[in-house]
Amino acid sequence: MFCFVIANPFLYKRYLSMPAAKRRTERNVSITGGPLPLKRRLSKIYMLLTQVLLFVLLLKFTAHANVTPFLEQHCVKCHDADTRKGNLDLTTLKAEYLDPENFARWVKVHDRIQSGEMPPKKEKRPLAEDVKVVALSLSKALMDGERVQLEQKGRIGMRRMTRAEYENTLRDLFDMPGMALQALLPADGTAHGFDKNSDALEVSHVNISKYVEAADLALDLAIATRPKAPASQKLRLSLLNRGGQGASLSMQGDVVLLRDQKADPAYPPASAHRHLDQGAHERIGSFETESSVGVFRREDESVNYYFRGHTTIYPGRYRVRTSLWSFQWDKGQVLPSRGTEAARIAAVQLTSDGRGGQHPNYTFDYFDAPSLTPTEHRLEVWLNHNELIGFDVASLAPVANYSRKDKAMGFTGPGIAVDWLEIEGPVNSVWPPQAHQLLFGNLPIEEFVAKDHPEVRPPPRKNWEKTWLRVSKNIPDPVTGIWTVRSENPRADAERLLAGFLPKAFRRAVEAETIGAYLKIFEARIQGGDCFESALREAYRSALCSPDFLYHIEPDTKLSQSALACRLSYFLWNSAPDEELASANLHNAGILRTQTERLLRDPKAQRFVEDFLGQWLKLRLIAANDPDKKLYPEFSPYLQDSMVAESRAYFRELIEKNLNVAHLVKSNFAMLNQKLAAHYGVEGVNGSKTRRVELPSDCPRGGFLTQAAILKVTANGTTTSPVVRGAFVLDRILGQPPEPPPSNVPAVEPDVRGTTTIREQLAQHRDNATCSSCHAKIDPPGFALESFDVIGGQRDRYRLVAESTGDPAPRGNIDPFIGISFKLGPKVDPSGETTGGEKFADIRDMQRYLASKPDLLLRSLAQSLISYSTGREVRFSDRPALREVLEKTGPTNGVRTLIHEIIQSPFFQTR
Amino acid sequence: MMKPLFLLFAFSFSAIAAEQTVEYAVRGLFQPDRKTVLSSAAKTLQNCRLVEVSYEKATATFAYDDEAQGFKKAKPEQVLQQIDNQIRNLTGSTFSIVPQSTLGEDKLERIDFMVEGLDCLGCSYGLYVTVEKLQGVERAYASFHDGRLAVFIDPTKTNREALAEVLKKREIKVVENSAKEETKPKN
């Protein structure tokens, strides 16, 4: 039953607003029946309804005294029941503002009239004074209407943590930076473009059971179950280690063994005579060698490279080092390579999600492999149970020598060599680890001897050794016996430890009564026969599944010190505040500014960049489709990751350099690595690391608008649609989302055979009066973006499938080892005319046009940032406050200034 | 009084315990350098030792203490198994010990093949393993040093064509005229 209270934000809000002492009573009451007499409750409801009704009637009367004649004179001609332009019939649109759908329609009517967009320019213009009066009347009516709505529903509902927030919070709390919890929890919904919106964050019984599961896993990892850390092992691994595909690929020529940067004479490259019997080679020790492994073939559906010599037993921190270089292979000869190549190091979870390790679960990074120069790379990573290290020759083309007559000896092309990969760990700088110390302080860890405590149940243990996939060289270091913390004074220790833990977990000061409640859980378990560790663990588990932990608890009006610290840290770190932030006087504007700067500079701010862009620019959808391999053979996972890295690095640059919002659409620099630079046709960029690159003056790249990641998420993998991209620009960049298409109008399907262009199809579509008004706004930016294909490559002709009657395609920037079968079809026409009648020839004109609207861009970004950071969308009644934020920021100031002004505003500091 | 008695008893016992020698066929001696590998691995044999290896005959002579653990009162087949287990463990099962063939050398027929692309130890071993287990094959040699496969067969059970067929199935290419180049395996 209490779960029901947790799951219902409004009930829970009321629950929290009570003094702690009353909560228990209320909890009992809410479980067993209503706290108020029925008559009194009905009376309150009746009074509220009467007030609302009177208010609505008043609104309706006053607002529409001015509005109705104006609408009849200027608008109804096109927006009546017959014409319904833009799917709007004003003759039936009721002046009722409590209905959210109606309200939203009236907001659009207000905005169109106020901006002068409506009536259209070709129609008779209304007097400016009339427009002002009507806009003002509507605005007042809408403001008042929304106030009533908010009084009924509250400004922001109670918000639970998102999956990402939950995972980050526990990672930071326990100092376990790679602990994988997100995948255990159900996916979050989204509302108004963000998963942080309270409307999207429901809690079901599934969530509750998964929170219990996740809390258990976190506690399993956090609690030290042995007197000494598991022995750290240092292993030198090879892609040829038994169990991996490296050995079999060497048998068929996709991998070669190298010694002293030459073909290894002890294991010559596969030729027309492939090596015989892999098992025999393994037994005789052909792969137990210190030779470097040269790889030609990229990971694909049937090939993957894992360092199978190490499968993680004990989750924790591991140090990884590897030595890489690249070379040009010429039928057995090792020559200098064409340039620096890039290799991917990733974590692979073999059994987590049924994908069987076909793809890396997460990429640690891409590393440079310079020509014939072995280069050592180091990284410190967190590895979860049964994870191993994956590898790929990311920058190479998808060649395959197994089908070649002379195998490796018949191949000429680039390769990447791995001299070795060394892994060391688990690395524990202190024992017991920090997480354990947070839970059990410095209580001694001693062996639990059952016969000495016949009445006490020993703590359950997760057997990492038993569930380990034994396919590697690392060896388990099991502990003999059961080891657990010992307390001489259990109750006092439990109280002290809970008093230390709960404020950190709940991110606020915790009153003695709350500590007492958890202490009772502990005592009940002790009385039930649990040992000290199990009993206290149960109290911790309850805390981690409680609303105090799961919800962002904020007072109704101005945020308290701790609530403001939480809001700030969940905005910029997507996690709980650290001690410095939690103790700072954030109601002092200067200190708030200083702390904001500190948070932005911290590496954890990258979580904000990734989470915000993932939603604002839909980068989470980057892998939603794989581009057609025949039309876009140059696409690769490395290119995709480079695209995302660009957008993230670009946003980071906007913040760090405080660049203005015109940069959202136009810029003289881009954030590129070698792969993406080649894709864009920008020369002189080497290596896998993304860095700032100044662009030639005529280059359209730079702003988000023309970044490959954005162009990919707005395409379907085969074709582009000006409608989809145009709608994206309106919604995400300009903050003016178009109306959804009417249900009775079929979608426009681009034709990949090239008989008609998308523009021709859209022209027919727009002849329909219902469609034309929206498409007049949607299509122009979409047309300009037609200069870019589904993977963000610039084009002047559409690509067609090989079977069509197009022209042979030149190779351009495409890797010479990638086969091309597509053809070139009709020319792209990126020109058009904006709703304001301004003609544009191409994307550059469109960028100039959009960059000339900094107010619009600033407003759009501000709305998104406010929505993301506060968990609620910007409403109509927020517009004056929004205006104030925008005025303080100013169109020439940058994104960092905007972030500061939002944080300093009432938006951020009140609920 | 007890001490001299004990010494006398111990002396008598050691005098009774005798080192026995046995000769077995060895599997895994497919190339001359494998003789060194076997000798090196055999240094850590327990309670027995390698006395001699004949590459030409693919045999090895072992000596063991018939009073030592594992060999005490062991039947001949148990002695073989004891030594075989140790050899397998020490060599990753690339060597094994089996009883010697009862077929006299004069009854064996040698067949040679020159194999294309036989260029590494693993391939030599792979080829050896492919052939050595076939019915009628008494012993075989496959060396990547000279690209030669030499097979000693019981001609009543198999023949050159049968061997060639197996090689063909395994996509192992044989040089034409290799039948004429028959020589003894090198030491």
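Being surrounded by 15 or more Cβ atoms within 10 Å (Cβ to Cβ), touching a residue at least 60 places away in the same chain (Cβ under 8 Å) and aliphatic (A, V, I, L, M) is true of A:A517. Out of all the residues in the stretch B:61-69, is one or more of a type in the set (S, T, N, Q), more than 30 Å from A:S248 (Cβ to Cβ) and not assigned by TED's automatic domain parsing to the domain that holds B:A162? Among the residues of the stretch B:61-69, at least one is of a type in the set (S, T, N, Q), more than 30 Å from A:S248 (Cβ to Cβ) and not assigned by TED's automatic domain parsing to the domain that holds B:A162, which makes the answer yes.
Of the helices (runs of 4 or more DSSP H) contained entirely in the stretch A:705-816, those carrying at least 2 residues that are at pLDDT 90 or above fall at A:708-713, A:722-728, A:769-784.
Among residues of the stretch A:91-104 that are in a loop (DSSP other than H, G, I, E, B), those with a Cβ under 9 angstrom from a residue that is among the hydroxyl-bearing types (S, T, Y), sequence gap 6+ or separate chain, pair up as A:A95/A:T68. Restricting attention to the stretch A:609-660 and to residues that are free of Cβ contacts under 8 Å to residues at least 40 places away in the same chain and assigned to a helix (DSSP H, G or I), the residue that is nearest to A:A862 (Cα to Cα) turns out to be A:L613. Which members of the stretch A:570-591 meet the condition of being in contact (Cβ under 8 Å) with a residue 12 or more places away in the chain and surrounded by fewer than 21 Cβ atoms within 10 Å (Cβ to Cβ)? Passing the criteria: A:D578, A:E580, A:A582, A:A584, A:N585, A:H587, A:A589.
Looking across the stretch A:268-315 at every residue that is among the acidic types (D, E) and within 14 Å of chain B (Cβ to nearest Cβ), the one that is surrounded by the fewest Cβ atoms within 10 Å (Cβ to Cβ) is identified as A:E288.
Kindly establish whether A:N668 is of a type in the set (S, T, N, Q), outside the structural domain of A:S326 (by TED's automatic domain parsing) and on the phi > 0 side of the Ramachandran plot. No: the conditions fail for A:N668. Here A:G332 meets the list (1) surrounded by 16 or more Cβ atoms within 10 Å (Cβ to Cβ); (2) away from every other protein chain (no Cβ under 14 Å); (3) on the phi > 0 side of the Ramachandran plot almost entirely, failing just condition (2). Note on the stretch A:355-389: residues that are at pLDDT 95 or above and over 21 Å from A:K466 (Cα atoms) total 18. Only one of the numbered conditions (1) free of Cβ contacts under 8 Å to residues at least 24 places away in the same chain; (2) within 21 Å of A:E422 (Cβ to Cβ); (3) in contact with a Lys or Arg (Cβ under 7 Å, 6 or more places away or on another chain) is not met by A:H273, and that is (2).
For the stretch A:661-704, the set of residues classified as in contact (Cβ under 8 Å) with a residue 40 or more places away in the chain and part of a helix (DSSP H, G or I) consists of A:V661, A:A662, A:H663, A:L664, A:Q674, A:K675, A:A678, A:H679, A:Y680, A:F704, listed by residue number. When we screen A:P603, A:P555 for residues that are surrounded by fewer than 18 Cβ atoms within 10 Å (Cβ to Cβ), modelled with pLDDT of 95 or more and not aromatic (F, W, Y), the only hit is A:P603. Considering every residue within the stretch A:682-694, establish whether at least one is within 21 Å of the chain's Cα centre (by Cα) and surrounded by fewer than 24 Cβ atoms within 10 Å (Cβ to Cβ). Among the residues of the stretch A:682-694, at least one is within 21 Å of the chain's Cα centre (by Cα) and surrounded by fewer than 24 Cβ atoms within 10 Å (Cβ to Cβ), which makes the answer yes. Number of residues in the stretch A:389-428 that are under 24 Å from A:K629 (Cα atoms), in a loop (DSSP other than H, G, I, E, B) and over 38 Å from the mean Cα position of the chain (by Cα) equals 4.
Taking the stretch A:519-598 and the helices (runs of 4 or more DSSP H) fully enclosed by it, the elements with 1 or more residues that are within 25 Å of A:I208 (Cβ to Cβ) are at A:532-544, A:547-550, A:561-572. State yes or no: is B:L163 touching a residue at least 12 places away in the same chain (Cβ under 8 Å), more than 13 Å from chain A (Cβ to nearest Cβ), closer than 13 Å to B:V115 by Cα and outside any strand (DSSP E or B)? Considered against the rule, which asks whether it is touching a residue at least 12 places away in the same chain (Cβ under 8 Å), more than 13 Å from chain A (Cβ to nearest Cβ), closer than 13 Å to B:V115 by Cα and outside any strand (DSSP E or B), B:L163 comes out as yes.
Counting only strands (runs of 3 or more DSSP E) that sit completely within the stretch A:258-373, those holding 2 or more residues that are over 17 Å from A:G246 (Cα atoms) and acidic (D, E) correspond to A:362-369. In this structure, A:W382 does satisfy being among the hydrophobic types (A, V, I, L, M, F, W, C), in contact (Cβ under 8 Å) with a residue 12 or more places away in the chain and either within 19 Å of A:R236 (Cα to Cα) or surrounded by 23 or more Cβ atoms within 10 Å (Cβ to Cβ) (or both).
When we screen A:Q245, A:Q252 for residues that are at pLDDT below 95, away from every other protein chain (no Cβ under 14 Å) and crowded, with 19+ Cβ neighbours inside 10 Å, the only hit is A:Q245. Among the residues of the stretch A:256-267, those identified as within 12 Å of another protein chain (Cβ to nearest Cβ) and not hydrophobic (A, V, I, L, M, F, W, C) are A:D264, A:P265, A:Y267. If the condition is being out of contact with any helix residue (DSSP H, G or I) (no Cβ under 9 Å at 6 or more places or on another chain) and crowded, with 16+ Cβ neighbours inside 10 Å, then the stretch A:97-107 contributes only A:R105. Scan the stretch A:117-129 and give yes if some residue there is buried (at least 21 other Cβ atoms within 10 Å of the Cβ) and either over 25 Å from the mean Cα position of the chain (by Cα) or at pLDDT below 90 (or both), otherwise no. Yes, the conditions are met somewhere in the stretch A:117-129. Name every residue in the stretch A:83-106 that is within 19 Å of A:C771 (Cβ to Cβ) and at pLDDT 80 or above, in order of residue number. Across the stretch A:83-106, the qualifying residues are A:L88, A:D89, A:L90, A:R105. Total residues in the stretch B:88-110 satisfying the condition of being touching a Ser or Thr at 6+ places or on another chain (Cβ under 9 Å) and either crowded, with 18+ Cβ neighbours inside 10 Å or under 24 Å from B:V37 (Cα atoms) (or both): the figure is 3.
The values are calculated or read from the model by the stated rules, or taken from the named source; none is laboratory data. Quantities reported herein were computed from a predicted structural model and do not represent experimental measurements. Glycine gets a Cβ as well: all are built from the backbone with ideal geometry, and neighbour counts include every protein chain shown.
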